[in-house]
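Down below is the structure, laid out as structure tokens.
The values are calculated or read from the model by the stated rules, or taken from the named source; none is laboratory data. Since this is a predicted model, take the numbers as computed values, not measurements. Neighbour counts are summed over all protein chains in view; Cβ atoms, including those assigned to glycine, are modelled from backbone coordinates with ideal geometry. Each accessible area value is taken on the protein alone, full model and side chains, heavy atoms only, with ligands, DNA and RNA left out. Shrake-Rupley method; radii C 1.70, N 1.55, O 1.52, S 1.80 Å.
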Amino acid sequence: MNFPNRRTFLLSGVGALASTPILFQSELKAAPSERLRVGVVGFAGRGSNNLSGVAAAGAEITALCDVHESRTAEGRKTYPKAKFYKDFRKMLDAGGLDAVVCSTADHTHFHVAYHAMQGGLHVYCEKPLTHTVWEARTLINLAKKKKLVTQMGTQIHAGDNYRRVVELVRSGAIGKVTEAHCWVPTKYSGNGQRPPAEKVPADLDWDLWLGPVADRPYSSAYVPFRWRHYWAFGSGALSDMACHHMDLPFWALGLRHPAEVSAVGSEVTPETCADWTTVTWKFSETKAHGPITLTWYDGGKQPRYFAEKKLPPQAGGTLFVGEKGMLLADYGRRKLFPEKDFQGIDGDGSIPKSVGHHKEWVDACKTGAATTCNFDYSGTLTETVLLGVVAYRTGKALRWDADKLQTNHPEANALLTKEYRIGWEIEA
């Protein structure tokens, strides 16, 4: 399978599809069918939820793929008719699939999704959609070109609370919004060093787990979860959690591409992620609200409104600041401030109840209906999040040209993509 060359992509203007609209039902490639044969790549840990979710939604689990055999027993026992693979490329080459679910570590999301989509398969992929900005844009464009049904795993998007918050913001309850803030106490940091080498467990295919990343010795500090602490495989708390929390202002405010992004945080190291970051994106145009500043905080940092005692303590969540008041929310709660000014005001129920995040995708694959977190929407969200990672790692205040997929700093542009090792490289 041939990939487009990364540098050709950056220079040729293919990125001009940055403003591609969300796909409508008539544009999606899915013939009505009661059967959806799915291959699941990475089905232990977080992947087990996606496996059971799509199965319960009516998908036929035809193939299972995982590089860590000792973690596969339960899934293989539950779906004994599914053929098992270690290498997702062999699974795809075998054929017989209509769609693929990807729940691997961040650094292999792109390759799994891209190969599947090149083969005409619909894709559900965990967040963040990709590990680099370029990868996200490539999947956005490929999904549109192939007219495939896609969904990123921001499961909270299906929650009723998020729907009511979006309704409140859109109704103008707090007036024009000028600021939005998202924060979590989470951090995935380290000592700035690679961990000591260890013997590879017999049940783990370390070479396949590394995938496109340059060869390095195995360590139990990476697998199965602590890979999020290392730039080679993840991007810390920002990439892990921001796609969930920033989904809410993106949805409610109709955000797309920021004009500027800057970041501060703990000391940058070449190997391990941040103790804390604070990232600010400036959006110059929004349909209903004018310019908006969106700020992200992790590692225990929070918006100033908490220190100023204007809000009750809340460990993580989202805050909208409008001309008439503030709206504070998390996954399951919402409250308007000052409370005395908003008695009895709530969302109006105009956004229908979700059928479920996994079921929405499965149904769309069968019928051609649209999904709410398709790659056009969620890929743009992922791009924005990962631009924050680039701003933090470079220490540069960036101006973003979404059409050209470039910043105003060569050092930052170099981090919009990455090199893949031999056997995983992108060919012209």
Revision key, fill the gap. Binned at 10 Å from zero, the C-alpha pair distances of the range 89-143 give percents of 26, 59, 15, 0
Review point. What's the local net charge at Gly322, with K and R +1, D and E -1, over the other residues with C-beta under 10 Å away?
Key: 0
Exercise for review: Please give the helix 357-367 orientation as an angle from the longest Cα principal axis of the chain, in degrees from 0 to 90, rounded to the nearest 10.
Suggested key: 60
Check your understanding: Among residues other than Leu139 whose Cβ falls under 12 Å from its Cβ, what is the net charge (Lys/Arg +1, Asp/Glu -1)?
Key -> +1
Exercise for review: Please name which of Trp281, Leu387, His68 has its Cα lying farthest along the dipole of the chain towards the positive end, using unit charges on Cβ (Lys, Arg +1; Asp, Glu -1) and the Cα centre as origin.
Suggested key: Trp281
Exercise for review: Can you work out the accessible area per residue across the range 60-109, with the rest of the protein chains kept in place, probe 1.4 Å, in square angstrom?
Suggested key: 47
Exercise for review: Could you check which residue among Gly395, Gly39, Gly95 shows the biggest mean-square fluctuation in a GNM of the chain with a 10 Å Cα cutoff?
Suggested key: Gly95
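Once you keep just the Cα pairs under 8 angstrom separated by 6 or more residues, what percentage relative contact order results for the chain? Walk me through the intermediate numbers first.
Details: 897 pairs, mean separation 107.1, N = 428.
This gives 25 percent for the chain.
Over the range 321-388, calculate the relative contact order: mean separation of alpha carbon pairs under 8 Å at least 6 apart, over the residue count, as a percent. Intermediate results must be reported in sequence, preceding the final value.
Details: 23 pairs, mean separation 8.6, N = 68.
About 13 percent, as a whole number.
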**Study point:** Solvent-free Debye scattering, log10 I(q)/I(0), computed from the Cα coordinates of the range 230-329 at q = 0.19 Å⁻¹
**Key:** -1.06
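List the equivalent ellipsoid semi-axes of the chain in whole Å, largest first, each obtained as the square root of 5λ for an eigenvalue λ of the Cα gyration tensor. Mind dumping the intermediate values first?
On the way: eigenvalues 219, 133, 92 Å².
Largest first, the chain gives 33, 26, 21 Å.
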**Study point:** Most positive-pole-ward Cα, Pro303, Ala329, Tyr230, against dipole of the chain from beta carbon charges
**Key:** Ala329
Revision key, fill the gap. If unit charges are put on Cβ atoms (+1 for Lys and Arg, -1 for Asp and Glu) and the dipole of the chain is taken about its Cα centre, the option from Thr371, Ala143, Leu416 lying farthest towards the positive end turns out to be Thr371
Practice item. Could you calculate the contour length gain from Lys340 to Val264, that is, 0.36 nm times the residue separation minus the distance between their Cα atoms, to one decimal place in nm? Key: 23.8 nm
Practice item. Per DSSP H run of n ≥ 4, the term is -39500 (n - 2.57); total these for the chain, divide by its residue number, and report the mean residue ellipticity at 222 nm rounded to 500 deg cm²/dmol. Key: -9000 deg cm²/dmol
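Could you look at the range 138-204 and say what percent of its accessible area is carbon and sulfur, using a 1.4 Å probe and all protein chains?
Values: 1360 of 2660 Å².
Carbon and sulfur atoms account for 51 percent of the accessible area of the range 138-204.
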Check your understanding: Can you list the lysines whose alpha carbon is less than 29 Å from that of Lys77, not counting same-chain residues fewer than 8 positions off?
Key -> Lys86, Lys90, Lys127, Lys199, Lys359, Lys366
Review point. Accessible area of Asp98, 1.4 Å probe, to the nearest 10 Å²?
Key: 40
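Dividing the Cα radius of gyration by the Kirkwood radius, what Rg/Rh value follows for the range 142-229?
Numbers: Rg = 21.1 Å, Rh = 18.3 Å.
Looking at the range 142-229, the ratio lands at 1.16.
Give the value in nm², to one decimal: projected area of the alpha carbon convex hull of the range 34-107, averaged over all directions. Write out the running numbers ahead of the final one.
Numbers: hull surface 18.4 nm².
Orientation-averaged projected area of the Cα hull: 4.6 nm².
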Point to revise | Distance in nm between pseudo-label sites at Asp403 and Ser284 (7 Å out along the Cβ direction from Cα) | key: 1.1
**Study point:** 1.4 Å probe accessible area per residue over the range 341-428, in Å²
**Key:** 43
Practice item. Can you work out the PRE-style zone for Lys176? Point 7 Å along Cα to Cβ, and I want the residues of the range 319-334 with backbone N under 11 Å. Key: 323
Study note, to complete from the structure: If every Lys and Arg gets +1 and every Asp and Glu gets -1 at its Cβ, then about the Cα centre the chain yields a dipole, in debye to the nearest 20, of 340
Point to revise | Isotropic mean projected area of the C-alpha convex hull, the range 206-287 (nm²) | key: 6.9
Check your understanding: Which distance in nm do the two modelled labels at Leu208 and Glu419 give, with both placed 7 Å along the Cα-to-Cβ direction?
Key -> 2.7
Check your understanding: Per residue, how much accessible area does the range 212-281 have with a 1.4 Å probe, in Å²?
Key -> 30
Exercise for review: Kindly provide log₁₀ I(q)/I(0) values, in the same order as q = 0.15 Å⁻¹, from the Debye equation applied to equal alpha-carbon scatterers of the range 269-312.
Suggested key: -0.58
